[in-house]
Amino acid sequence: MSRHLHKVVFPVAGLGTRFLPATKVVAKEMLPVLDRPLIQYAVDEAVEAGADTLVFVTNRYKHAIADYFDAAYELEQKLAEAGKTDLLEIVRSVLPAHVRCVFVTQPEARGLGHAVMCAAPVIGDEPFGVILPDDLIRTPHAGALKQMAELAAVRGCGVVAVEEVPRAQTHKYGIVDAEPISERAARLRYVVEKPRPEEAPSNLAIVGRYVLPGRVFELLRTTAPGSGGEIQLTDAIEALLHEREVLAYRFEGTRFDCGTKAGLVRATLALAREDPELAPLVGAAASG
Ligand code: UTP
């Protein structure tokens, strides 16, 4: 079986209310960490995992994402004429030539599961990846989705990324009950969306990376609205694991929840520390 995931879905149709008022006009996924928008980190991770078809599930206010990945002829021509080849390369490298983007709209924000279902006509029946761009994951070696795609290909199963969270925060996540099969992987027994800490089966939370079979679309179609009145991807995964193996995978790397102000600041500081020009500044800010 191929170790490459050809298609990756980016559900980016949420309202981004935690970043109002900026998100009145700027899509959350276009907020930058240093000089690159969140969506760029997500796309790079998908391409590294083998993706050649990127499916963005957007809403009618998010034209900026399509514009960002489109060629910018006038800008490119000006940079070329001015001999600014470094900048030209930066502008052109947002998307490798072999990768195509497909945009589908989610007419109403009816939840993550509903957003993923909107991608069904483009994905068909093959395994696919899902990346939530506001979970920015930095890894020392292979990207998180690549690690998961390899595991999914070897075992022919679905894989969801998980991370330990403080017990007091289980009500913010899908929480798993899973039986360990290796150092990083565990077989899912049960998943539940946003349980109260006292009801949570563990403190292992699903975070924004998934490798799923096309079958999940049929399960989503029959998933009733759950927590918050939204169609939950977690509920369809719970149905899926009764049919076939789904693994919870503790990826190697650090996740920054850039859907929150604190997470976006942490990601910015972490990446600045990796940059020789910015690192001294961050050190000064931290001590001052
Ligand atoms: P969030 O729960 O972070 O919601 O969605 P949000 O709307 O983006 O942000 P807040 O909470 O209002 O600040 C998790 C992911 O699911 C997508 C979001 O775009 C984000 O990537 N999503 C959520 C959709 O695409 N459609 C939906 O109906 C809901």
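The values are calculated or read from the model by the stated rules, or taken from the named source; none is laboratory data. No experiment lies behind these values; they were computed from the predicted model shown. No Cβ is skipped: glycine too gets one built from the backbone with ideal geometry, and neighbour counts run over all protein chains shown.
Report whether or not ASP135 is within 16 Å of the ligand (Cβ to nearest atom) and charged (D, E, K, R).
yes
Could you say which residue among GLU193, GLU179 is within 20 Å of ILE131 (Cα to Cα) and of a type in the set (Asp, Glu)?
GLU193
Suppose we keep only residues that are of a type in the set (Ser, Thr, Tyr) and out of contact with any strand residue (DSSP E or B) (no Cβ under 6 Å at 6 or more places or on another chain) within the range 203-249. Which one would you say is surrounded by the fewest Cβ atoms within 10 Å (Cβ to Cβ)?
So, considering only residues that are of a type in the set (Ser, Thr, Tyr) and out of contact with any strand residue (DSSP E or B) (no Cβ under 6 Å at 6 or more places or on another chain), the one surrounded by the fewest Cβ atoms within 10 Å (Cβ to Cβ) is THR222.
Might you check whether a residue that is within 16 Å of the ligand (Cβ to nearest atom), in contact (Cβ under 8 Å) with a residue 24 or more places away in the chain and buried (at least 18 other Cβ atoms within 10 Å of the Cβ) occurs anywhere in the range 175-185?
yes
Looking only at residues that are of a type in the set (Gly, Ala, Ser) and part of a strand (DSSP E or B) in the range 156-173, which one is nearest to the chain's Cα centre (by Cα)?
Once the filter is applied, the top-ranked residue is ALA161.
Name the residue, out of ALA27, ALA72, ALA46, ALA64, that is in contact with a Leu (Cβ under 8 Å, 6 or more places away or on another chain), in contact (Cβ under 8 Å) with a residue 12 or more places away in the chain and small (Gly, Ala, Ser).
ALA46
Cβ contacts < 9 Å: first residue at positive phi, restricted to the range 145-156; second residue surrounded by 23 or more Cβ atoms within 10 Å (Cβ to Cβ) and at pLDDT 95 or above, any location; separation 6+ or different chain. Result?
Cβ pairs passing all conditions: GLY156/PRO127.
How many of the residues in the range 106-127 are of a type outside the set (Gly, Ala, Ser) and either assigned to a loop (DSSP other than H, G, I, E, B) or surrounded by fewer than 13 Cβ atoms within 10 Å (Cβ to Cβ) (or both)?
Qualifying residue count, the range 106-127: 9.
From (1) crowded, with 19+ Cβ neighbours inside 10 Å; (2) of a type outside the set (Val, Ile, Thr); (3) within 15 Å of the ligand (Cβ to nearest atom); (4) assigned to a helix (DSSP H, G or I), pick out the condition that doesn't hold for PHE10.
(4)
Considering each of ALA64, ALA109, ALA27, ALA51 in turn, give the residue that is within 16 Å of the ligand (Cβ to nearest atom), more than 13 Å from PRO11 (Cβ to Cβ) and small (Gly, Ala, Ser).
The unique qualifying residue is ALA64.
Scan the range 69-89 residue by residue and report those that are within 24 Å of ASP52 (Cβ to Cβ), surrounded by 12 or more Cβ atoms within 10 Å (Cβ to Cβ) and small (Gly, Ala, Ser).
The answer is ALA72, and nothing else.
Of a type in the set (Gly, Ala, Ser), under 19 Å from the mean Cα position of the chain (by Cα) and on the phi > 0 side of the Ramachandran plot: which single residue out of GLY253, GLY229, GLY208 fits that description?
None of the others qualify; the one that does is GLY253.
Quick test for you: out of PRO133, PRO121, PRO166, pick the one residue that is in contact with a helix residue (DSSP H, G or I) (Cβ under 6 Å, 6 or more places away or on another chain) and within 27 Å of GLY229 (Cα to Cα).
Going through PRO133, PRO121, PRO166 in turn, the sole match is PRO133.
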